[in-house]
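Note sheet for the following structure.
The values are calculated or read from the model by the stated rules, or taken from the named source; none is laboratory data. The structure presented is a predicted model; accordingly, all values stated were derived computationally and were not measured. Here Cβ is always computed from backbone atoms with ideal geometry, including for glycine, and neighbour counts include all displayed protein chains. These area figures cover heavy atoms from the full protein model, side chains too; ligands, DNA and RNA do not enter into them. Shrake-Rupley method; radii C 1.70, N 1.55, O 1.52, S 1.80 Å.
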Amino acid sequence: IEDKRPLLGLCRGLQVINVHLGGTLYQDLEAQFPNGLKHDYFPNYGYERDHIAHEVDLAPGSRLRHLMELDRIPVNSMHHQGLKTLAPSLMACATAPDGLIEAAESADPDHFLLGVQWHPEVFELTDPHTRHLFREFVAAAGRFRDK
């Protein structure tokens, strides 16, 4: 993070980034976020990895919204923890209908640091918008390497 290396966190990766930078987590959404949606559609509970759990709203002006080229996207959801307080150096860039932060990115526009709570790798082959996310991450890594 100090070197501004490109970083893309998926699911728990978002949570790790947030905690490392000073944010906190709900340890168990069902117990600590009681009016929330169901977010734990785990494959071992009988759900497919591509099960669409809900949509998320992408924040205007965010890197994620720019990359996805949409203001709302459907996502899968396989987590029982979630962001409680956002780290000071991050900005929320996607929220679920229940208000849970589902993605965050660096407030520094020169640093590709983005974490999403869902698993976009499941949709990379079928959704061109998701491909933009991975392509930009790879491009940012290439630019960093070339510095």
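What segment 1-115 shows is 52 Å² of accessible area per residue, with the surface traced by a 1.4 Å probe over protein heavy atoms. Peptides 79-92, 119-132 ordered by packing proxy, namely the average of other Cβ atoms within 10 Å per residue, highest first: 79-92, 119-132.
Would you mind telling me the share, in percent, of accessible area of segment 48-94 contributed by carbon and sulfur at probe 1.4 angstrom? That fraction is 50 percent. Relative protection proxy for 98-108, 46-56, 9-19, from highest mean packing down: 98-108, 9-19, 46-56 (other beta-carbon atoms within 10 angstrom). Each of residue 72 and residue 55 was given a label point 7 Å from its Cα along the Cα-to-Cβ line. The distance between the two points is 0.2 nm. Taking the longest Cα principal axis of the chain as reference, the axis of helix 128-145 is set at about 40 degrees.
Here segment 1-74 is treated with +1 on each Lys and Arg Cβ and -1 on each Asp and Glu Cβ, and its dipole about the Cα centre works out to around 220 debye.
Quote the FRET efficiency, to the nearest 0.05, computed for residue 132 versus residue 10 with a Förster distance R0 of 22 Å and r equal to the Cβ-Cβ distance.
Values: r = 15 Å, r/R0 = 0.70.
So the FRET efficiency works out to roughly 0.90.
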